[in-house]
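Trainee: Have a look at this one before I ask anything.
The values are calculated or read from the model by the stated rules, or taken from the named source; none is laboratory data. Note that the structure is a prediction, hence the values are computed from the model and not measured. All Cβ positions, even for glycine, are placed from backbone atoms using ideal geometry, and neighbour counts span all protein chains on display. Areas reflect the complete protein model, heavy atoms only, side chains present, ligands, DNA and RNA absent. Shrake-Rupley method; radii C 1.70, N 1.55, O 1.52, S 1.80 Å.
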Amino acid sequence: MSEELPAPVPRLTVITLGVSDIRAGIAFYDALGFSRRLKATGDAVAFFDTGGPVLGLFPWDQLAADAKLPDAPRPTTFRGVTLAWNCATREEVDAVLAFAFSKGATLLKAAHETEYGGYSGYFADPDGHPWEVVVAPGIEVGDDRRVHLAE
């Protein structure tokens, strides 16, 4: 007979993206305004403060090896994951998208009214990781840069 283990506190702490060129990835996210932390890691790995979970960048092949997954073929289609940059207004969505493009992002989908009453557009980082830039009902970003969900 086995005892039931106590449930750990659930938390999402780091989102790590595999990148083809760590220096280019660092430059892109730095240019977007994310604050790099633990710079002593050099070009081995990079961590950025996002106001919530940390964004990590790690060389694609090394991340695949660490997770015991094949490095090739690399997907050129949707990977089933998007990142989101929540905004307070439609104007902020437009400003963030324009800013991301000015720093080397690729437009995936122009900003538009959504069926749920929001406003959203998508860009891809240099490695094709998709980001949604969005303002959505029931989701607010506080002065603390954290997302606050309606009850």
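Trainee: Among the candidates Pro53, Pro59, Pro73, single out the residue that is open to solvent by 60 Å² or more (accessible area, probe 1.4 Å) and either in contact (Cβ under 8 Å) with a residue 12 or more places away in the chain or not small (Gly, Ala, Ser) (or both).
Mentor: Just a single option satisfies the conditions, and that option is Pro73.
Trainee: Considering only residues that are within 13 Å of the chain's Cα centre (by Cα) and open to solvent by 40 Å² or more (accessible area, probe 1.4 Å), look in the range 13-29 and name the one that is farthest from Thr82 (Cα to Cα).
Mentor: Among them, the one singled out is Thr13.
Trainee: Oh, and also: Can you tell me how many residues in the range 85-96 are of a type outside the set (A, V, I, L, M), modelled with pLDDT under 95 and exposed (fewer than 14 other Cβ atoms within 10 Å of the Cβ)?
Mentor: So the count comes out to 1.
Trainee: Output the qualifying pairs, or none if there are none: Cβ atoms under 7 angstrom, residues six or more apart or on different chains, first residue in the range 13-35 and over 25 Å from Ala67 (Cα atoms), second residue open to solvent by less than 60 Å² (accessible area, probe 1.4 Å).
Mentor: Hits for this filter: Asp30/Arg36; Leu32/Ala100; Phe34/Phe48; Phe34/Asp49; Phe34/Thr50; Phe34/Leu55; Ser35/Phe48; Ser35/Asp49.
Trainee: Right, another one. With the checklist (1) surrounded by fewer than 17 Cβ atoms within 10 Å (Cβ to Cβ); (2) over 22 Å from Phe47 (Cβ atoms); (3) within 18 Å of the chain's Cα centre (by Cα) in hand, flag the one item Arg79 doesn't pass.
Mentor: So the condition that Arg79 fails would be (2).
Trainee: I'd like to check something: does the range 38-49 contain any residue that is open to solvent by 60 Å² or more (accessible area, probe 1.4 Å), polar (S, T, N, Q) and either farther than 22 Å from Trp85 by Cβ or modelled with pLDDT under 95 (or both)?
Mentor: Checked against the condition, which is being open to solvent by 60 Å² or more (accessible area, probe 1.4 Å), polar (S, T, N, Q) and either farther than 22 Å from Trp85 by Cβ or modelled with pLDDT under 95 (or both), the range 38-49 yields no hits at all.
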